[in-house]
Amino acid sequence: MSRQALGEAEENLARRFEEIERRDREINSFIELNPHAQEEARRAEKLGGRLAGMTVAVKSNINVRGLRATCASKTLENYVAPYDAVVVERLRREGAVILGMTNMDEFACGSSGESSYFGPTENPSAKGRIPGGSSSGSAAAVAAGFADAALGSDTGGSIRNPASHCGVVGVKPTYGLVPRHGLIDLAMSLDQIGPIARDVRTAALLLEVIAGSSREASMLDVEPQPYSQRLSADLSGIKVGFAKEYEEVTSPEILGVVKRALRRLEAQGAELVEVELPNLEKALPTYYLIVFVEFFSATRRYDGRRYGYRIEEVCGEEVLRRIMLGSYISQKEYAGRYYRRALQFRSLIRRELLQALEEVDVLAGPTTPKLPHRLGERLTPLEMYAYDLLTVPANLAGIPAGVVPAGRVNGIPVGLQVQAKPLQEQVMLNVMLAAEGRA
Ligand code: GLN
């Protein structure tokens, strides 16, 4: 069939597939492509909708009917999703075309995209470096121009961290705003699905399509908002908070980029306010304790009876470490020494963040404390966990947080992280819009 004969959606899809074929062998952002994409594009064309013909890549821990939701693990290598996750249903209803399933850290446990059973992903925006994780393939596919947008999941930063490293936009919504049905849990009290895109407008559009109540018990009962139509870069009267504790934990070159971005926001009419987050550094141990326990519990279903493999027999080092630590902590829990204390700290951190947000409309600061390392460089587990220091507080508190490109250091992208009060996605997206394109 000649190109002329193809409709716009099909043409867009054909171009994306060509690019993937040409360049993804090196980047390794996809685990599997959707063999029915062309048919679906044709159908989307007829159907129309807010996302008509938009190509969307989906992280491999989200169920897309007929494709494998492997979580990038041998454990689920043969698991074919029997249904569409609610978010995928909603995308399709608006005419989106699912491109395929993206690479990720195994079971979303990681910050670099290196722990996949299907091999590491490379950062298309900083060759030879990690793309970040765990939504590594989703961010890389968008940055490489393979997809118009992607879905990721964020338990402690997995959308924002790779968005920052790859120079794209990523949003972790308020906990309970987006249905989790069809997402394979890492830690269910923290996980949220969210969009990754090349610009704020597309991310806002995707978010408005996937957000809003479903029949799930853990969902907030809210109506979806037309974020993309209400976007405004007018910052007059907007207060932007910056915590001085950010400076103590972030590398100077990242801080330089972030400070310049803040000054640009100020020049556009925002008022900068210094706030305090004295317990910022407690967020990391608190987060990991909770994740170990919840992840251990979530993995008990992979006992070899339903999914082919017993997880402990086939998983990688990091997943095994978490299962063992989670099991240990759960056994010791009768004394309330770890998990119960972690929950107390979680409340403290939430309170502290909400208090800081009472004084301002948003907090703006760095996304990760350091630049992405080179592929193949060995990090200790603690060095790896340290990437998450600035992203986990939003998950512990359940507040929305988004990342927008802010500049580069030696060619490596650096994202500005914007956090807002629960359900204040609109003001967060507005500030992100104002920061966008001025990097
Ligand atoms: N890097 C964090 C972890 O390993 C976050 C992962 C995530 O958000 N899925 O737990």
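The values are calculated or read from the model by the stated rules, or taken from the named source; none is laboratory data. Note that this is a predicted model, so its numbers are computed, not measured. Here the Cβ positions follow ideal geometry from the backbone for every residue, glycine too, while neighbour counts run over all protein chains shown.
Annotations
- Tally, over segment 131-148, of residues that are touching a strand residue (DSSP E or B) at 6+ places or on another chain (Cβ under 6 Å) and within 11 Å of the ligand (Cβ to nearest atom): 1
- Meets criteria (β-branched (Val, Ile, Thr), farther than 28 Å from Pro35 by Cα and away from the ligand (no atom under 12 Å from the Cβ)) for Thr174: yes
- Note on segment 229-263: residues that are under 12 Å from Met432 (Cα atoms) and surrounded by 15 or more Cβ atoms within 10 Å (Cβ to Cβ) amount to 6.
- Selected residue (criterion: nearest to Glu281 (Cα to Cα)) from residues of segment 297-345 that are within 16 Å of the ligand (Cβ to nearest atom) and not in a helix (DSSP H, G or I): Gly316
- Flag set for Ala96, criterion: of a type in the set (Gly, Ala, Ser), more than 16 Å from the ligand (Cβ to nearest atom), over 17 Å from the mean Cα position of the chain (by Cα) and crowded, with 24+ Cβ neighbours inside 10 Å.
- Count of residues meeting criterion [touching a residue at least 60 places away in the same chain (Cβ under 8 Å), within 18 Å of Ala298 (Cβ to Cβ) and crowded, with 17+ Cβ neighbours inside 10 Å] in segment 319-345: 2
- Selected residue [of a type outside the set (Ser, Thr, Tyr), out of contact with any strand residue (DSSP E or B) (no Cβ under 7 Å at 6 or more places or on another chain) and either at pLDDT 95 or above or within 16 Å of the ligand (Cβ to nearest atom) (or both)] from Lys259, Lys239, Lys244: Lys259
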